[in-house]
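The values are calculated or read from the model by the stated rules, or taken from the named source; none is laboratory data. Since the model is a prediction, treat every value here as computed from it, not as a measurement. Cβ placement follows ideal geometry from the backbone for every residue including glycine, while neighbour counts extend to all protein chains displayed.
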Amino acid sequence: MSDFDFSVIVQNWAFLAEGLRYTLQVTVTAMIGGILIGTVLALMRLSSITPLQWFAAGYVNIFRSVPLVQVILAFYLILPLVLQMITGKQIPIGAANSAYFTFTIFEAAYYSEIMRSGIQSVPRGQVGAGYALGFTYGQAMRYVVLPQAFRNMLPVLLTQTIILFQDVSLVYAIGATDFFGAADKITQRDLRPVEMYTTVAVVYFIICFTLSRLVKWLQSHIAIIR
Amino acid sequence: MNYHWDWMFFFQETDDGLKYYDWILSGLGWTTFVSLASLVVALILGSVLGVMRTTPKRWLVGLGDAYVDLFRNVPLIVQLFMWFFVVPELVPENIGLWMKQDLPYFVIAIVGLGLYTAARIAEQVKAGINSLSRGQRFAGLALGFTEWQTYRYVRLPMAYRIVLPALTSEAMNIFKNSAVTYAVGILELYFQYKQIIEKTSQVLEITIVVTLCYFVLAFVMNRILAFVEARTRVPGLIVGTKGSK
Amino acid sequence: MIEINNVSKWYGSFQVLTDCTTQVSKSEVVVVCGPSGSGKSTLIKCVNALEPFQQGSIVVNGIAVQDPKTDLPKLRAKVGMVFQNFELFPHMTITDNLAIAQIKVLGRSRDEAVDKGLKLLDRVGLKAQAAKFPGQLSGGQQQRVAIARALAMDPICMLFDEPTSALDPEMINEVLDVMVQLAHEGMTMMCVTHEMGFARKVANRVIFMDRGAIVEDAAKEDFFGQPRSERAQAFLAKILNH
């Protein structure tokens, strides 16, 4: 412990920060995309149209039973095949770009389950009240149910996003340079595992701990409003 | 699409004289072993931590809370790398050397995954105990039980029943999380998946097969715990509303 | 048997018990009543140290409960207690509910404990329910089992904390009957209850509490004849015209 060399961290800070920026970009992209797709999936699952229900249920169950690392690698390899099939051309995507896609699709399955229980937590009478005012199904969802569901589920959605933020470290599987990947690459070169991995652990802890306390605070405040 | 489907490659011989399906079976074996062993570690430690966090002793609560905060807010892969590459450097030299040379590396992986999962189990166990009425503890104490006996005979048996659905999903998750141990050299299912892709580039077939393997593992665990749930169900008592899916 | 001397208790800065003093002698039945929030449930829980208190002393059978050296499990094993919400252990059969503490606390053999439990179950009229689980019994039946469970420990006295408050009206009497029978057998009893009929029938003394203090502590005849305090008069008027 006495020879913990802070200069290694200082020297490589720019590279680490670049990795952290990538991690945050993937997190935010997958959060926004995942919540949008997840909401659509949740509505499909709760709709009365059987094929839509099946599709949504299949989507959610498949992604929720497979390890994320496997999905990351599979998409990285399969995505170019699919694009080639569509366009007829070979399009190099790269590890860094494929992760945006993978995480959006993968997290959508988890967000959709959260949205589904959020929608179900809104009393059925609310939809009826919407219909009584002359709303269509879409309008009742848009103006009455979803705003309430979203508020109920906000803490859980944010908690899932903290998990997502941690999960981005698994792009290690395809060698993309996220925050952890950056530290790992520096370690391979400088052979300073203690400094590098500890830095990653500490920074992750500080960010996630702060965010989860924030979620707790939010949770108690939402509870008061209701 | 010019992808060349070939389901028969599973029966082809590999460099080491085995067939590809042997690799998958061996990976499946390691995944099962690492997952179940980690689950045991996690259940024991998670229960102890969960109980600590419900005691009247403030320092025990603080210790349990700190553990959960620490292990929930650092990614699993980073935790595993800490156990493999950082901790051996920080402990006294002879212990560090022993960790690096003599301790089987799968033990470190199991402990790492177990400690990570324990934080999640601790949350469930705590929630289960806190969902019981205060009167249950009082009733135990009034009969002359010690504080520990109220946990052993009264509170934990009910708490486990209440959180069994949540524990079931944790137990199913551990198979998925065990895939991360490939990064520290465990030759489990995902490692074999990656290796087979590198050797054969039959991405689609192997993805389908490995996905099915994980599906089956999770399903079997789900059925086992559904059986436990049915066996421990208390007549006349409604516990929670959601069963395991 | 039970001596409560100048007991005061606070939750933070809020005082829930103020200088409470009373005693229960051997074979005496004392009923504690008062409006809700008056501290009567808290006081009775102090007797077997389920609730801690900051001032005063409680001595049960010569043992000081607030003394840190007291072996509380040993003391509590000798003091039976019955709760408002029964608090049977939902995951055990009725037989196991009756036997578990005998085995684990008193060290009796399983056969002995089950035998004793079943005898007491018969006494409260529920022998046929031995193999069932608490969730399969009515509230009144559960409370009778809870009384039997406490009796199985051969207690030197019994504490009742609103034993009929959570029951549907038609089940109250089956529980009170068991309690009356116990009183006639000479059991030392301290009962927090609003059942004034029970108090009239078997109580030796009635204690009236309000806002954490013992306002009235009188022989049954005096209490019902002419309560001294206005608050007790008002309370009695309200509860008897109910």
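Could you please let me know if residue A:202 is surrounded by fewer than 20 Cβ atoms within 10 Å (Cβ to Cβ), assigned to a helix (DSSP H, G or I) and facing chain B (nearest Cβ under 9 Å)?
yes
Checking the structure you have, find out if any residue of the stretch A:60-74 is part of a helix (DSSP H, G or I), buried (at least 16 other Cβ atoms within 10 Å of the Cβ), charged (D, E, K, R) and within 11 Å of chain B (Cβ to nearest Cβ). Even if it seems obvious, please write down each step before you answer.
Within the stretch A:60-74, the subset part of a helix (DSSP H, G or I) is A:60-65, A:68-74.
Okay, now just the ones that are also buried (at least 16 other Cβ atoms within 10 Å of the Cβ), so A:60, A:63-65, A:68-74.
From what's left, charged (D, E, K, R): A:64.
The next check asks that each one be within 11 Å of chain B (Cβ to nearest Cβ); those that pass are A:64.
Yes, there is a match, as at least one residue in the stretch A:60-74 is part of a helix (DSSP H, G or I), buried (at least 16 other Cβ atoms within 10 Å of the Cβ), charged (D, E, K, R) and within 11 Å of chain B (Cβ to nearest Cβ).
Conditions tested, residue by residue: (1) within 7 Å of chain A (Cβ to nearest Cβ); (2) part of a helix (DSSP H, G or I); (3) surrounded by fewer than 23 Cβ atoms within 10 Å (Cβ to Cβ); (4) of a type in the set (Asp, Glu).
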position	(1), (2), (3), (4)
B:181	no, yes, no, no
B:187	no, no, yes, no
B:191	no, yes, yes, no
B:196	no, yes, no, no
B:209	no, yes, yes, no
B:215	yes, yes, yes, no
B:219	no, yes, yes, no
B:223	no, yes, yes, no
B:227	no, yes, yes, no
Scanning the stretch A:97-134 for residues that are closer than 29 Å to residue A:62 by Cα and of a type in the set (Gly, Ala, Ser), the one modelled with the lowest pLDDT turns out to be A:121
With among the aliphatic types (A, V, I, L, M), surrounded by fewer than 14 Cβ atoms within 10 Å (Cβ to Cβ) and farther than 23 Å from residue A:151 by Cβ as the only criterion, which of A:218, A:191 stands out?
A:191
Being more than 8 Å from chain B (Cβ to nearest Cβ), without any contact (Cβ under 8 Å) to a residue 60 or more places away in the chain and touching a Phe, Trp or Tyr at 6+ places or on another chain (Cβ under 9 Å) is the filter here; which residues of the stretch C:66-84 pass it?
C:66
Answer yes if at least one residue in the stretch C:85-92 is surrounded by fewer than 21 Cβ atoms within 10 Å (Cβ to Cβ), more than 8 Å from chain B (Cβ to nearest Cβ), in contact with a Ser or Thr (Cβ under 9 Å, 6 or more places away or on another chain) and not in a strand (DSSP E or B), and no otherwise.
no
Out of the residues in the stretch C:112-151 meeting the condition of being outside any helix (DSSP H, G or I) and among the hydrophobic types (A, V, I, L, M, F, W, C), tell me which one is nearest to the other protein chains (Cβ to nearest Cβ).
C:133
Can you find, within the stretch A:163-190, the residue that is farthest from the chain's Cα centre (by Cα) among those that are under 16 Å from residue B:183 (Cα atoms) and acidic (Asp, Glu)?
A:184
Going by the structure shown, is residue B:21 away from every other protein chain (no Cβ under 11 Å), part of a helix (DSSP H, G or I) and more than 17 Å from residue B:189 (Cα to Cα)?
no
By residue number, the members of the stretch B:114-150 that are hydroxyl-bearing (Ser, Thr, Tyr) and in a helix (DSSP H, G or I) are B:116, B:117, B:150
